[in-house]
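Everything below concerns the one structure shown next.
The values are calculated or read from the model by the stated rules, or taken from the named source; none is laboratory data. Because the structure is a prediction, the values reported are computed rather than measured. For neighbour counting, all protein chains shown are included, and Cβ atoms are generated from backbone atoms with ideal geometry for every residue, glycine included.
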Amino acid sequence: MARWQPDSRGRLRQAALDLYGERGFEHTTVAEIAKRAGVTERTFFRHFADKREVLFAGSEDLQEALVRPVTEAPASLAPLDAVARGLEAAGAVLPPREMARQRQVVIAANAELRERELIKLASLSAALAETLRDRGVAEPAASLTAEIGIAVFRNAFERWLDADEERDLPALVRDSLHRVSALTAGI
């Protein structure tokens, strides 16, 4: 094993995704991930608390990327338009599309990981709602707008993962928001 190679974290993430795909999440150990990445288990634990964190590390960065544009949006902007800015910006912190596809396949195959993903989305919604309340949006509008935003993000993200989809995530977010607007136009 080489004494030091750059990007241990990235190599660990890719090794874990590959092993989860080959053997399943439940049947992959930290030791196997570390070995595949060419590092020690100790190095693994410097980067990740456990093997689940390989899939969920970066959630704080995603939340920051989502919330910051909403916070910085002009006060005159409608709540959903402010959230749209955050949704479009959030794509910048996501992994490359192929890695995101691998991650979603692993999560879809494991009930515990699906639950963790839903908790992450609920946390993002709560952070958006709090940011909207800080902007002066009253309840229930703040919570409803945040939930709509996360539903739009999830829909756009799932479409972005489709192998036939060529558009980038921000374009899919705009398309999903347009669809929501069309659905509510007659209300």
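At a glance:
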| item | result |
| --- | --- |
| Selection count, the stretch 49-87, where residues are over 24 Å from Val105 (Cβ atoms), of a type in the set (A, V, I, L, M) and either within 18 Å of the chain's Cα centre (by Cα) or in the same structural domain as Ala16 (by TED's automatic domain parsing) (or both) | 4 |
| Residue selected from the stretch 152-187 under the condition farther than 13 Å from Arg101 by Cα and among the acidic types (Asp, Glu), by the criterion surrounded by the fewest Cβ atoms within 10 Å (Cβ to Cβ) | Glu166 |
| Index of the failed condition, Ala90 passing every other in (1) closer than 23 Å to Ala108 by Cα; (2) modelled with pLDDT of 95 or more; (3) not in a loop (DSSP other than H, G, I, E, B) | (2) |
| Neighbours by Cβ (under 7 Å, 6+ apart or cross-chain): first from the stretch 111-137, of a type in the set (Val, Ile, Thr); second assigned to a helix (DSSP H, G or I) and surrounded by 12 or more Cβ atoms within 10 Å (Cβ to Cβ) | Thr131/Val67; Thr131/Val70; Thr131/Thr71; Val137/Pro79; Val137/Thr145 |
| Condition broken by Pro95, with the remaining ones in (1) modelled with pLDDT of 95 or more; (2) part of a loop (DSSP other than H, G, I, E, B) satisfied | (1) |
| Output for the stretch 96-110, where each listed residue is without any contact (Cβ under 8 Å) to a residue 60 or more places away in the chain and farther than 16 Å from Gly24 by Cα | Pro96, Glu98 |
| Failed item, numbered, when Ala129 is tested on (1) of a type outside the set (Ser, Thr, Tyr); (2) out of contact with any helix residue (DSSP H, G or I) (no Cβ under 7 Å at 6 or more places or on another chain); (3) surrounded by 17 or more Cβ atoms within 10 Å (Cβ to Cβ) | (2) |
